[in-house]
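See structure below.
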There are 4 protein chains.
Amino acid sequence: MDSRRAESFSDGVFAVAITVLIFNLLPIGQRVLNAHVLAMAWPQYAAYVVSFLTIGIMWTNHHTLFGHIRFIDRPLLVLNLLLLMGIVAIPFPTALIAEHLTGPDRSGGQIAAAVYGAVMVAISIFYNLIWWYLIGHAEELGSASSQQMLRGSVPRLGTGPVLSKIPRWSIGMVGYAAGTLIAFVSAGASLAVYGLLALFYLFNHLPNPPRDAPAPDA
Amino acid sequence: MDSRRAESFSDGVFAVAITVLIFNLLPIGQRVLNAHVLAMAWPQYAAYVVSFLTIGIMWTNHHTLFGHIRFIDRPLLVLNLLLLMGIVAIPFPTALIAEHLTGPDRSGGQIAAAVYGAVMVAISIFYNLIWWYLIGHAEELGSASSQQMLRGSVPRLGTGPVLSKIPRWSIGMVGYAAGTLIAFVSAGASLAVYGLLALFYLFNHLPNPPRDAPAPDA
Amino acid sequence: MDSRRAESFSDGVFAVAITVLIFNLLPIGQRVLNAHVLAMAWPQYAAYVVSFLTIGIMWTNHHTLFGHIRFIDRPLLVLNLLLLMGIVAIPFPTALIAEHLTGPDRSGGQIAAAVYGAVMVAISIFYNLIWWYLIGHAEELGSASSQQMLRGSVPRLGTGPVLSKIPRWSIGMVGYAAGTLIAFVSAGASLAVYGLLALFYLFNHLPNPPRDAPAPDA
Amino acid sequence: MDSRRAESFSDGVFAVAITVLIFNLLPIGQRVLNAHVLAMAWPQYAAYVVSFLTIGIMWTNHHTLFGHIRFIDRPLLVLNLLLLMGIVAIPFPTALIAEHLTGPDRSGGQIAAAVYGAVMVAISIFYNLIWWYLIGHAEELGSASSQQMLRGSVPRLGTGPVLSKIPRWSIGMVGYAAGTLIAFVSAGASLAVYGLLALFYLFNHLPNPPRDAPAPDA
C-alpha cells in the first residue's frame, strides 16, 4: 500500500485527537462563572497546553518518520495502528490530570500523572519499534536512503564511546519513564517533566527525509 | 465520480469514528481516582482496544477494496454510505459493553455483546455487497483486473471441493454471527471472539490491488 | 483560491458532522440495559439513520456541484461557509427529535420535527444560492461548461410548459417546507417525509460535472 | 517539510474545531422542549454563528497565508501549532458566553465575553507572528514573491503618512482587544463587536498568493 494513504488517515486521527482535548475544558463554569472559578481551573489549561504540544510534535515526528518511506506493509500498518491507539488515548490521562492535580485527594493526582507517563512510555515504545522496523526494511519500503545511511544519520546523545551509540530521541522514553516514577512523589513535578519533554521535542531529533527537499510530486 | 474523493471522505469518517472511542474512557475517575477505580474500568480498556483495532483494520480493508477501482457510481456510493453508517455506529455497542460487561445485571452485558455482534454482522454484509457489486461492475468502475481475475484472486478457505469455493474473509461474518449467539451464554466469551476476529483480520485476506505497486500519480 | 482546497476542508466538516450523530446514541442504557430499554430508543436509531443518509447525500451533492468549477472566490467561499453552518447544525435537531418524538409531551416532538425541517429548508436555500452563483459566474470559476450548458443540463420536473422550467431537485426545498408544516400536525408523519426525501436524494438530480470522466490529474 | 502536509493537518484541525461548536447546542431541551425553551437559548445560537464564521474565516486566512510558501521549517511549524492551539480553544469561551450571557449573574457574562476576546487577541498575535516570520524568511520558505513584494502587497488602512504604514488586518487585533475591555462594561456589546469583526473578515485583507492563479499541480 502507498504509505501516503496511511499518512493521510493518520493525519486525520491526529487532528481529531488533538481537538478532543478541548472537551476537558467545556464543563468549566457550567454553574457559576467568576474569576476564582476560572483561576482554579489552571490544571485544565496546563494539561491542555502540554498535551496539545505533545500531540502536535508527535504528528510532526510521524511525518518525518514516514517521509523516509514510500510503501507500507502489513506489519508496519499494524505498528502504526498501535501507535495511533496510544495517541488517541492521550485525552484520557489528560482528563485525569486536569481533574485530580489540585483535588483534595493527593494520591488521585499522583495516579493521574503516573497513567499519563505510562501512556507516553507506550507511545515511545511504538515509535521506537516503527523506527527499527523501518530501517530494517528500508529497501522494501522504498526508502531513498540505505539502511546504513538511515542508521548513521540519527542524531546521537554525544561523542563519547557510549553516548555516540544512543540516539538523542531516546531521552523521551527515559524521560517519560522517569516522570512516571516521579509521579508517586509529586504529581506537579511529574507534569513539569512532561512539559519539559514537550519543549525538548519542539526541536527535531530525527534524520530529515530527502522528501523535505523540494519535491514537485509531493 | 472519481473513487478517490469518496475514499478521502471515508478516511475522514473512519478517523473520527476511531477517535470517538476515547469518549467512553473520559468519565473514568471523575469523582475519585485510585488504583481500584482504574482497575475496575478494565472492560472500558478492553472494549477500546478491540474496537480500535477493528475499525483500524476495517479502514485498511476499505482501502484494499477501493484500490481495485478508479470510479464510483451511485449504487456503490450508497452501499459505501451504508457501510460507513455501520462503522460510525461501532462506538455505541462499544459503550454498551464497556458499561455492562461487569455490571451487577448479568443480562445487561449479554445484550451489549449481542448488539456489538449484530452491528458487526451488518458491517460484514455491507462489505460483501460492496465486493460483489465491485467484481460485477469491474470494467465500468475502471478496475485494472477483469471480473474473472478479481474473482480468482480472492484467498480461499482451503483446497477441498467445498473449501476452495469459500473466500477466507467470510470467516468474519460467520464469526460475528457466532459471537452474537454466544453473547446470550456469556458476554465475556463473546467479547473474546470479537478480539480474536480483530487479530484474524490483522492479516490480509483480500486480493491486493495493482495500485499497491509503485504508482507515481497516487 | 483553488476550489479543491475548499472542497477538502468541506469534506472534513461533513465527515465530522456525520460522525457527531452517534453521540446521541451513546447515553442509551447508561443505567440499566435490557431489551425494553433498547427497543424504546427506536427514535434515536430512526433519527440517526435519516440524518446519516441526509448528510451523506448532501456530501455527494456538494461534490457534484463543486466538481463543475476549478476556482472559488470570496462570495462563494462565504456561501459555502453558510451551507456548512447548516450541515454542522443537523445533529442538533436530530437530538431534539430523538429525545422528544416519543416523549410524554406531544408538542415537544412537534417542535423538534419543525426545527429539523427549518434547518433543512435553510440548507436547501444555501444549495440553491450556490448553484445560482455558480452558473452566474461559470467562466470566472473555471467551469468547463458554459452558463447556458450548465443551466440546460439540470434535470427538470417534467415536460409540460411549467414543469420543464422547474429543476427536479427543488422537490427538496418544497418537501422540507411541507415537512416543517406537517410537524405541527404529527411529528411522526413529518419524520417520514424527511426519510422519503433522503431516499429521493439517493438518486442524482444534478448535472454531472465533466470531471466525472477519467481525470488523470484529479 | 512540504508546507502542504502541514496545511492538510491544519485543515483537519480547523474542520474538527468548527464542528465541535455544535456540542454546545446539543443539551438544549434535554428535559422539556417548547417554544420558550428554544427562544431562551438564543445566546447559544448567536455564539454558534459568530464562532462558526470566525473559525471559517480564519481557515480561509490560514490558506491565504500558507499559499505564499512551499516549505515549512521548525519555527514556523511551532508557531502554527500555537495558532492551532488558539483555534481549538475557541469552543471553550463560546460555551462560556452561551451559558452566561443571559444568566442571572451579570458578571458571569462579562467574564465570558472577556475570555472570548482574550483568546482572539492571542490568535491575532500568532497570525501576526506567522506573517512576520513568513516575510522574513520568504526565500527559504520557497515564496514566489520576494520579501519586498510581500511586504508591499499588504492592504493598508489608508493613504496618510501614518495610515499607509498600518496593515488593514491589524483592525482585528485592536478590535478584539477593545472587545475584551468593553466586556467589563457590557457582555452584549462585546459580543456585537466580535460579530462585526467576523463580518469585517468576510472580506479579504491579505495579499493573494500567486497560487490563486490556475495551478495544474495544486
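Could you list which residues have their amide H under 5 Å from that of D:Arg156, counting only those 5 or more apart in sequence or on another chain, with H placed in the peptide plane?
Answer set, sorted by chain and number: D:Arg168.
For the stretch B:84-91, in order, what is each residue's ³J(HN,Hα) by Karplus, 6.51 cos²θ - 1.76 cosθ + 1.60 with θ = phi - 60°, in whole Hz (x at glycine and Pro)?
4, 4, x, 4, 5, 6, 3, x
Could you check the simple spin-label distance between D:Leu181 and A:Ala177, using points 7 Å along Cα→Cβ, in nm with one decimal?
5.5 nm
Can you compute 3J(HN,Hα) from phi for each residue in the stretch C:111-117, using the Karplus curve 6.51 cos²θ - 1.76 cosθ + 1.60 with θ = phi - 60°, rounded to whole Hz and x for Gly and Pro?
4, 4, 5, 5, 5, 4, x
With an 8 Å cut-off on Cα pairs and a minimum separation of 6 or more residues, tell me the relative contact order of the stretch A:3-212 in percent.
Values: 250 pairs, mean separation 52.1, N = 210.
Worked out over the stretch A:3-212, it gives 25 percent.
Need one value for A:86-97: mean number of C-beta atoms belonging to other chains within 10 Å of its residues' C-beta atoms.
4
What shape does the stretch B:3-210 take by its C-alpha gyration tensor, where a ≥ b ≥ c are the square roots of the eigenvalues and a/c under 1.5 counts as rounded, a/b above b/c as prolate, and the rest as oblate?
Numbers: a/c = 2.67, a/b = 1.74, b/c = 1.53.
Because a/c hits 1.5 or more and a/b exceeds b/c, the stretch B:3-210 counts as prolate.
For peptide C:27-34, what's the mean number of Cβ atoms from other chains within 10 Å of each residue's Cβ? Don't skip to the end; give the middle numbers.
Numbers: counts 2, 5, 9, 5, 4, 6, 12, 5.
Taking all residues of C:27-34 together, the mean is 6.
How many partner chain Cβ atoms sit within 10 Å of a residue's Cβ in peptide A:71-81, on average, as a whole number?
Details: counts 3, 2, 2, 4, 1, 0, 7, 6, 0, 1, 9.
Whole-number average of other-chain Cβ neighbours for A:71-81 is 3.
List the residues whose amide H sits under 5 Å from the amide H of A:Thr102, counting only those 5 or more places along or on another chain, with H placed 1.01 Å from N in the peptide plane.
Excluding prolines and chain starts, which carry no amide H, there are no hits.
What nm distances, shortest first, do you get from the label point of A:Glu140 to those in the other copies when the point sits 7 angstrom along Cα to Cβ?
Its label point is 3.9, 3.9, 5.6 nm from the equivalent points in the other copies.
From the residues B:Gly188, B:Gln148, B:Ile111, which one has its Cα farthest along the dipole of chain B in the positive direction, the dipole being from +1 and -1 charges on Cβ of Lys/Arg and Asp/Glu about the Cα centre?
B:Gly188
How far, in nm to one decimal, is C:Ser186 from itself in the other copies if the label point is set 7 angstrom along Cα toward Cβ? Shortest first, please.
Ordered by increasing distance: 4.9, 4.9, 7.0 nm.
Enumerate the calculated ³J(HN,Hα) couplings along the stretch D:147-162 in order (Karplus 6.51 cos²θ - 1.76 cosθ + 1.60, θ = phi - 60°), each rounded to whole Hz, writing x wherever the residue is Gly or Pro.
3, 5, 4, 4, 4, x, 8, 6, x, 9, 5, x, 10, x, x, 8
As a footprinting exposure proxy, order D:Val115, D:Val20 by other Cβ within 10 Å, with the fewest listed first. Could you put the intermediate results ahead of the total?
Values: D:Val115 22, D:Val20 25.
Ranking D:Val115, D:Val20 by Cβ neighbours within 10 Å, fewest first, gives D:Val115, D:Val20.
Show me the ranking of peptides B:91-100, B:122-131 by mean Cβ neighbours inside 10 Å, starting with the highest. Spell out each step's value before the answer.
Values: B:91-100: 24.8, B:122-131: 18.8.
Result, highest mean first: B:91-100, B:122-131.
Rounded to whole Å, give me the distance from the Cα center of the stretch A:119-167 to that of the stretch A:33-87.
Distance between centres, Cα-based: 20 Å.
Distances from A:Ala39 to the same position in the other copies: list them in nm, one decimal, shortest first, using label points 7 Å from Cα along Cα→Cβ.
4.1, 4.1, 5.8
Where a number appears in this text, it was derived from the coordinates with a stated rule and is not lab data. Please read these numbers as outputs of a predicted model, since none were measured by experiment. Neighbour counts run over all protein chains shown; Cβ positions are idealised from the backbone, glycine included.
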